[in-house]
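The values are calculated or read from the model by the stated rules, or taken from the named source; none is laboratory data. All values reported here derive from a predicted model rather than from experimental measurement. Cβ placement follows ideal geometry from the backbone for every residue including glycine, while neighbour counts extend to all protein chains displayed.
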Amino acid sequence: MGLTIAQKIIKAHLIGGEMTVGSEIALKIDQTLTQDATGTMAYLEFEAMGIDRVRTERSVAYIDHNTLQSGFENADDHRFIQSIAKKHGIYFSRPGNGICHQVHLERFGIPGKTLIGSDSHTPTGGGIGMLAFGAGGLDVAVAMGGGAYYITMPKMIKVNLTGKLRPFVTAKDVSLEILRILSVKGGVGSIIEWGGEGIKTLSVPERATITNMGTELGATTSIFPSDEITRDFLRAEGREADFVALESDADAVYDRVIDIDLSTLKPLIACPHSPDNVVTVESLKGTKVDQVCIGSCTNSSLLDMLKVAALLKGKTIKPEVSLSISPGSKQVLSMLSECGALTDILASGARVLECACGPCIGMGFSPNSAGVSLRTFNRNFEGRSGTADAKVYLVSPETAVAAALTGEITDPILLGEMPKIEMPKAFRIDDSAVIAPAPVEEAKDLEILRGPNIKKFPDCHPQEDAIRAELVLKVGDNITTDHIMPAGAKILPYRSNIPFLSQYCFGVCDKTFPERAKAAGKSIVVGGSNYGQGSSREHAALVPLYLGVRVVITKSFARIHVANLINAGIMPLTFADPADYDKVKEGDMLSIDGVWAGMDSGSMTLCNETTGEKIALVCSFTERQKAILKAGSLLAYTGEQLN
């Protein structure tokens, strides 16, 4: 039986376990990346392991999230990350150099390599044929130290593309179509491989848009073959030597196959407040638009920006609309400037923002009250934009331009003829904003620069054999990490300060939670299905840990978040019967006896002491995960292993 592309890369990097679906496997990691919102904590964790030098082929620290320096906090974190990168063998991408996924695709991504990043959209690398995973900062720290990355061996889903996209229908629309088909839960436990004759019509940036959005499916990762289109991209980046051809075997077996005819797709739009709430653009025609944002790690490539510039050329946006443009990298911005496209963008009335994540994470450019914002981003979770009552829609750059020019949701096909875009044969190469680490001998004497906002890792709590705690919070389905630990300009600067962050935990759901959790001392949280979807931010586990949460019980979990809970020493359990979710309520006193035996057997009994109900719970922990929980955290467990 043949192998899929992902299975081939897994086989080449397998250092533990067997490639049996559902079993735990350990992978050797070639590359890592961090960004500054999660990186400070990841490097504090790396330091705690006592390892002098990273042991990966390439590790890169990017500054792209917290670039708004309205106080000392972000600047201090940047200095900390730069100093620790120089000392420990990590390349440092300076503020303004670009968004981690765009820059990594341009300058460091290599087909066939493994990559993990402390950002959930790291699967963007699958557009160039990498096996790339979003992970918690602790997992990235362990990988930097030479440790394995553990995942559950996933199923394989094949998406066969046929035909060719019509003008004004884009890779973003392909992403929204698969979200419409599978939903935000449909990719859980699976790797999505894109193939078929249709992929030959898609450039690497277009493929990267699709693998980036695969994160919103809950997929383990997504991947494209590495072919002549990949070679052309690498050649244009001056990196043809990095090319490796990769394709699945003709007799590879998939758990599911989905067929999409590109020629039948229409411009699509994801409505508030979920990426899978997808309808056609034409069905919403006439809806008034207040704001348009073009950029993010999903749609900020040179190809995207050249299309935007061509559509805006000689035109002016509606006076009632505010339009922002965020190029994905310094390379993209420089090339826009050199060819004159930047002038066309500015002349339209658009505001050009820094090469950073910016509005996507609520870091500036928030909409007006109850505003309608069309964004080329990957998430439209409630409140993520920084405006609590905003209505955020996800669209392609072409649909975004149509809205900016007309002041309402408009099918971009109505703009007329799509201008022909000629991509350059070679990109502008300037790596001066990527700072190499110091040589080993020099690094020994370097000082790590720490600001007063950087606090220590929360104390871990080894899992006890009996738990008795109050149910302090009960939430519903599809709770995101933005619900648990919000982003935004007011909060992100404190990602290295868990005590300060704690006052915002679950603020979207219940502003009284932090105070009540502290008063309880030890607590339990109950959630619905797909709990913890969204960002890879481990703060959504570390902050509840700090507030005393010991157990989270749900109908089901998102992949990265359940790993982060275990890494933090919080035990994730699920209801054996999802209907039992209704048998508990906030304020109930809950208890579980025989926890350790239950970890081994896969089942436990929850006693609701308030009502007398006995509720069956299930779990599935590997031996390593049991050891992590008993040690109190992955950091404590790793320390035990190193010693």
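Within the range 91-98, the presence of at least one residue that is at pLDDT 95 or above, in contact with a His (Cβ under 8 Å, 6 or more places away or on another chain) and more than 20 Å from Asn212 (Cβ to Cβ) is confirmed. Each residue in the range 617-638 was checked for being touching a helix residue (DSSP H, G or I) at 6+ places or on another chain (Cβ under 7 Å) and closer than 18 Å to Gly598 by Cβ, and 8 of them qualify. Residue-level check: of (1) more than 27 Å from Leu179 (Cβ to Cβ); (2) crowded, with 17+ Cβ neighbours inside 10 Å; (3) of a type in the set (A, V, I, L, M), Ala356 misses just (1).
Among the residues that make up the range 340-358, is at least one of them under 22 Å from Thr410 (Cα atoms), under 25 Å from the mean Cα position of the chain (by Cα), at pLDDT 95 or above and assigned to a loop (DSSP other than H, G, I, E, B)? No, the range 340-358 contains no residue that is under 22 Å from Thr410 (Cα atoms), under 25 Å from the mean Cα position of the chain (by Cα), at pLDDT 95 or above and assigned to a loop (DSSP other than H, G, I, E, B). Residues in the range 135-167 that are farther than 19 Å from Thr4 by Cβ and buried (at least 24 other Cβ atoms within 10 Å of the Cβ): 10 in all. Applying the criterion of at least 2 residues that are without any contact (Cβ under 8 Å) to a residue 40 or more places away in the chain, over 25 Å from the mean Cα position of the chain (by Cα) and closer than 30 Å to Asp580 by Cβ to the helices (runs of 4 or more DSSP H) found wholly in the range 432-543 leaves 513-520.
Filter the range 204-234 for residues that are over 17 Å from Cys297 (Cα atoms), within 22 Å of the chain's Cα centre (by Cα) and either modelled with pLDDT under 95 or in a helix (DSSP H, G or I) (or both) and give the result. Gly218 - this is the single residue of the range 204-234 that is over 17 Å from Cys297 (Cα atoms), within 22 Å of the chain's Cα centre (by Cα) and either modelled with pLDDT under 95 or in a helix (DSSP H, G or I) (or both).
Yes or no: Gly295 on the phi > 0 side of the Ramachandran plot, touching a helix residue (DSSP H, G or I) at 6+ places or on another chain (Cβ under 9 Å), surrounded by fewer than 21 Cβ atoms within 10 Å (Cβ to Cβ) and not basic (Lys, Arg)?
On the way: on the phi > 0 side of the Ramachandran plot: yes; touching a helix residue (DSSP H, G or I) at 6+ places or on another chain (Cβ under 9 Å): yes; surrounded by fewer than 21 Cβ atoms within 10 Å (Cβ to Cβ): no; not basic (Lys, Arg): yes.
So Gly295 does not fit the description; no.
Would the range 585-594 turn up any residue that is touching a residue at least 12 places away in the same chain (Cβ under 8 Å), more than 30 Å from Val21 (Cβ to Cβ) and under 31 Å from the mean Cα position of the chain (by Cα)? The answer is yes, given that some residue of the range 585-594 is touching a residue at least 12 places away in the same chain (Cβ under 8 Å), more than 30 Å from Val21 (Cβ to Cβ) and under 31 Å from the mean Cα position of the chain (by Cα). One residue stands out in the range 55-74 among those that are surrounded by fewer than 23 Cβ atoms within 10 Å (Cβ to Cβ) and free of Cβ contacts under 8 Å to residues at least 60 places away in the same chain: the one that is nearest to Asp119 (Cα to Cα), namely Arg58. Within the range 381-436, the set of residues being closer than 30 Å to His78 by Cβ, among the β-branched types (Val, Ile, Thr) and in contact with a helix residue (DSSP H, G or I) (Cβ under 9 Å, 6 or more places away or on another chain) comprises Ile429, Val434, Ile435. Which residues, counting only those in the range 307-325, are closer than 21 Å to Gly364 by Cα and not in a loop (DSSP other than H, G, I, E, B)? Answer for the range 307-325, where residues must be closer than 21 Å to Gly364 by Cα and not in a loop (DSSP other than H, G, I, E, B): Ser322, Leu323, Ser324, Ile325.
Screening Leu3 against (1) touching a Leu at 6+ places or on another chain (Cβ under 8 Å); (2) touching a residue at least 40 places away in the same chain (Cβ under 8 Å) leaves a single unmet condition, (1).
Filtering Ala75, Ala135 for residues that are out of contact with any helix residue (DSSP H, G or I) (no Cβ under 8 Å at 6 or more places or on another chain), hydrophobic (A, V, I, L, M, F, W, C) and over 30 Å from Arg235 (Cβ atoms) leaves a single hit, Ala75.
For residues that are in contact with a His (Cβ under 8 Å, 6 or more places away or on another chain) and of a type in the set (A, V, I, L, M), scanning just the range 538-566, find the one that is farthest from Val475 (Cα to Cα). Let's see the steps before the verdict.
Here is the first cut: in the range 538-566, the ones in contact with a His (Cβ under 8 Å, 6 or more places away or on another chain) are 540-541, 545, 550.
Subset that is of a type in the set (A, V, I, L, M): 540-541, 545.
Working: Ala540: 15, Ala541: 16, Leu545: 17 Å.
Looking at the filtered set, the residue picked out is Leu545.
In this structure, Ser620 does not satisfy being under 24 Å from the mean Cα position of the chain (by Cα), closer than 22 Å to Ser190 by Cα and surrounded by fewer than 24 Cβ atoms within 10 Å (Cβ to Cβ).
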